[in-house]
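A short write-up of the structure that comes next.
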Amino acid sequence: MDRVQFEGNKRSVEAMLDNNVRIEILDKDDIKQKIPDLVTDFDDNENTELLGLKNIDYGILGYDCGELDADKITRDFYENEFKKLGGETLFSTRIKKLVLEPVEEELGIPGEPVGWQEKKVGSIETQEGKKITSKMFILATGPWANELLLPIGIDSHSLPLKKSLFRVQTPRLASLLDNKHFNEEETIPFTIFPLHGIYVKPVKYNNSIWIGGGSTVGHPYVISHPDTFEKEENPLDDTQADSRDYEYDQYLILSEYLPILKDQPLTNQWAGFYAMNTIDKNPVVFKPNGIKRLIVVTSGSGSGIMKADAVGRIADALYRGEENAELFGGKEFKVSRLGLKSRDVDKEDFVI
């Protein structure tokens, strides 16, 4: 961060220290000594002014930050535990819609349930026309939530935002990938730069860095409706990254901070979607008003995997009708705090 950003984040930093989060505040001399290839000061010139480059005056180093393997934690742990409870999984199956039915007996009125009838989700319908019934449906479809919710009049306060990831692989990265100052992996840390959340992740096993972030202003949220496209045409299935996002956004800024990246080509790229909470960047867990047999769990906003265990416990407590959920470590959390009617969570202001 530059000095202004650091002063603006002091409250968050102090809160972390007060809660025994293991961080260290690095000053400019520390950073320059530990990452010699990093440019921390910019002269006043045309590039600095045009790109809005900020000096690096401070760094916050988190000692307990790490990496989760999403596949391992979902397939090797949660899916196995779910199956032990008698659960079944179904893959490569697109859900086309939530089918509403009247709570009471059907009256034969065209278009049931009509406005005055109490409603429930009676089943879900797949793209192939198969119907699956249940006593309760928990919708945890992330960026795909609106496809199923908007057609039945439910606002999840979540919108899909496409994010891209780019890889650069070159021997010139050796000083970043062989660095003994930070961790047992002997690399630089996952590093977030002062502008637009641009970040670099070292990947030592194939001598590369992965690059992401960048300004999201001007990038569209994606809205789609399952009745308007064939299976292969859903815009939410588009995982192709646009290299222009790197070339004209991340690269122009990042290569000023890390000149070793200048003129290095991309070696791979990917894209996917964040389910962004447009209110406070926190998850949303609620039972929609007026529709029974449905719980909505969405809006991970890019940190869903880190919050998934807690969110799952909160959704479970909501399903059971309990006021509080017990989180890992015995901490109690009031279920309604992540709902919409009595929502009570601070806006996430130190977003990583």
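Where in segment 284-352 are there GluC sites (Glu not before Pro) that are in a DSSP coil and have at most 13 other Cβ atoms within 10 angstrom of their Cβ?
Qualifying residues, ordered by number: Glu322, Glu323.
Would you work out the relative contact order for the chain, in percent, from Cα pairs under 8 angstrom that are 6 or more residues apart?
17 percent
Arranged from highest to lowest average of other beta-carbon atoms within 10 Å per residue, in what order do the peptides 309-321, 82-94, 287-299 appear?
Packing proxy ranking, top to bottom: 287-299, 309-321, 82-94.
Under the classification rounded if a/c is under 1.5, otherwise prolate if a/b is larger than b/c and oblate if not, where does segment 49-118 fall, given a ≥ b ≥ c as square roots of the Cα gyration tensor eigenvalues?
Verdict is oblate for segment 49-118.
Net charge around Val13, counting only other residues with Cβ within less than 12 Å of its Cβ (Lys, Arg = +1; Asp, Glu = -1)?
Charge balance near Val13 sits at -3.
Specify whether the C-alpha gyration tensor of segment 228-283 places it in the rounded, prolate or oblate class, a ≥ b ≥ c being the square roots of the eigenvalues: rounded for a/c under 1.5, otherwise prolate if a/b is larger than b/c and oblate if not.
oblate
Would you calculate a helix-derived [θ] at 222 nm for the chain, using -39,500 (n - 2.57) for each DSSP H run of n ≥ 4 and dividing by the full residue count, to the nearest 500?
Calculated mean residue ellipticity at 222 nm is -5000 deg cm²/dmol.
Between Phe91 and Ser123, what is the label-to-label distance in nm when each label sits 7 Å out along the Cα-to-Cβ direction?
2.6 nm
Peptides 32-42, 149-159: what's the order by average Cβ count within 10 Å, highest mean first?
Taking the mean over residues of other Cβ atoms within 10 Å, the ranking is 149-159, 32-42.
Using only Cα atoms and rounding to the nearest 10 degrees, what angle (0 to 90) does helix 304-320 make with the longest principal axis of the chain?
Once rounded, one gets 20 degrees.
Values quoted throughout were computed directly from the atomic coordinates according to the rules given, and no laboratory measurement underlies them. Predicted model only: the values in this text are computed from it and were never measured. Note that each Cβ is placed from the backbone with ideal geometry, even for glycine, and that neighbours are counted across all protein chains shown.
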